[in-house]
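**Q** Right, I'll just put the structure down here and ask away after.
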Amino acid sequence: MKKRIAIIGAGISSLLAYSKATDSKIFSNFPWPSSVNPNQHHALDFIQSYSHHFDFLMHIKFNTKVVGIEYGVSDEELRSWRLWNGDGTPFTSQGKWKIVAEDILNHSTEVYQVDFVILCVGKLGDVPNIPKFPPNNEPEAFHGKVIPSMEYAALDYESVAEFVKGKRSTVFGFQKSALDIGMECTGANEKFYAKVDEGSIILKKSPSFNFCEEVILVNGETAPLKADLVILATGFAGEKMLKGIFVSPTFQDFILGSSKEAIPVQGSGSSPNS
């Protein structure tokens, strides 16, 4: 008997999950162009082309936010399991998942019942990781603009160029997103590598920073840093997003990795479309 499967997310991992759940080989039938040395723009174009080619978009509900996931057994029973469903099988006649989804355009909600849930939201969720600041030194104290990197990433190319043009921009973070944003901010105003060589663009390592009205105080620096725009590329708190959508406290403990909880193990050899 076919099972109803919900895949939450619409990125690369969700495409792979869909391929596996439907027992198809669609990725092997749509290979990456061998002539392309990919960057992020090529990757996005490939995902869009792939989705259109296999009519994947017809199975996606866009502008929809999952606000609740609940499994059809009590927390007390769930906590007593050593194996999933008590015997290691992925499906039971009574164990259905209930998913509550909200249309973010008209704020209506819809409830779905499914046999299996696959979470493909990654850890780069919609909850930014904002550092903690001392009282009176939070981003609200700063007279310039402070945004998390996810807001910056939501802008299109033209909007980004207009947004950062002519602004003294500071990016906090040290991984790929921070470096990419730093290059784009500089590229909208001047040549990045030339300005690095002459010392106009400063790359600094610091354990902390604080906000004042007109400047930023960077730990280890004697002079305050003047800026018009601050972008926080300080990561994401994806576990908070996942915890928030599970109704059961037991599942919330599973997500956050409580030392008192152990996730019930599903038996080997089971398949979502078995």
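Taken together, the values in this text are just the output of simple stated rules run on the coordinates, not laboratory data. Remember, predicted model here, so these are calculated numbers, not experimental data. No Cβ is skipped: glycine too gets one built from the backbone with ideal geometry, and neighbour counts run over all protein chains shown.
**Q** Which of these values of mean projected area of the Cα convex hull in nm² was calculated from the structure shown: [x] 19.7; [y] 14.7; [z] 16.7?
**A** Answer by label: [x].
**Q** Report the local net charge at Glu213: Lys and Arg +1, Asp and Glu -1, summed over other residues whose C-beta lies under 14 Å from its C-beta.
**A** -2
**Q** Another one. Rounded to whole Å and sorted largest first, what semi-axes of the equivalent ellipsoid does the C-alpha gyration tensor of the range 53-184 yield via the square root of 5 times each eigenvalue?
**A** Sorted largest first and rounded, they come to 41, 21, 15 Å.
**Q** Stick to the Cα atoms of the range 139-232, pair each with every other, and give me the Kirkwood hydrodynamic radius in Å at one decimal.
**A** After inverting the pairwise mean of 1/r, the radius is 13.7 Å.
**Q** Among the lysines, select those whose C-alpha is under 28 Å from the C-alpha of Lys204, and discard any that sit fewer than 8 residues away in the same chain.
**A** Straight-line reach from Lys204, under 28 Å: Lys123, Lys132, Lys145, Lys165, Lys167, Lys176, Lys191, Lys195, Lys226.
**Q** Using a/c under 1.5 as the rounded threshold, could you call the range 116-159 rounded, prolate or oblate? The axes a ≥ b ≥ c are square roots of the C-alpha gyration tensor eigenvalues, and prolate needs a/b larger than b/c, oblate otherwise.
**A** Verdict is oblate for the range 116-159.
**Q** Output the 0 to 90 degree angle, nearest 10, between the alpha-carbon long axis of helix 12-21 and the longest principal axis computed from the alpha carbons of the chain.
**A** Long axis of 12-21 versus the principal axis of the chain: about 10 degrees.
**Q** Which of the aspartates and glutamates could be linked to Lys20 by a straight reach, that is with a Cα gap under 18 Å, when you skip same-chain ones fewer than 8 residues away?
**A** The reachable aspartates and glutamates, counting only those whose Cα sits under 18 Å from Lys20, are Asp55, Asp115.
**Q** Count the net charge of all other residues whose Cβ sits under 14 Å from the Cβ of Ile99, scoring Lys and Arg as +1 and Asp and Glu as -1. Please list the in-between numbers first.
**A** Values: positive: Arg4, Lys61, Lys65, Lys96, Lys98; negative: Glu70, Glu102, Asp103, Glu110, Asp115.
Its environment carries a net charge of 0.
**Q** How do Trp84, Trp32 line up, fewest other C-beta atoms within 10 Å first?
**A** On the way: Trp84 19, Trp32 12.
If I rank by nearby Cβ atoms, fewest first, I get Trp32, Trp84.
**Q** Near Gly72, within a Cβ-to-Cβ distance under 13 Å, what is the net charge of the other residues, with Lys and Arg +1 and Asp and Glu -1? Mind dumping the intermediate values first?
**A** On the way: positive: Lys96, Lys98; negative: Glu70, Asp75, Glu77, Asp115.
It works out to a net charge of -2.
**Q** State the antiparallel share, in %, of DSSP beta bridges confined to the range 139-232, rounding to the nearest 5.
**A** Percentage antiparallel, nearest 5: 40.
**Q** Out of all DSSP beta bridges with both ends in the chain, state the antiparallel percent to the nearest 5.
**A** Around 60 percent of the beta bridges assigned by DSSP in the chain are antiparallel ones.
**Q** Any chance you could give the angle, 0 to 90 degrees and rounded to 10, that helix 40-53 forms with the longest Cα principal axis of the chain?
**A** 30 degrees
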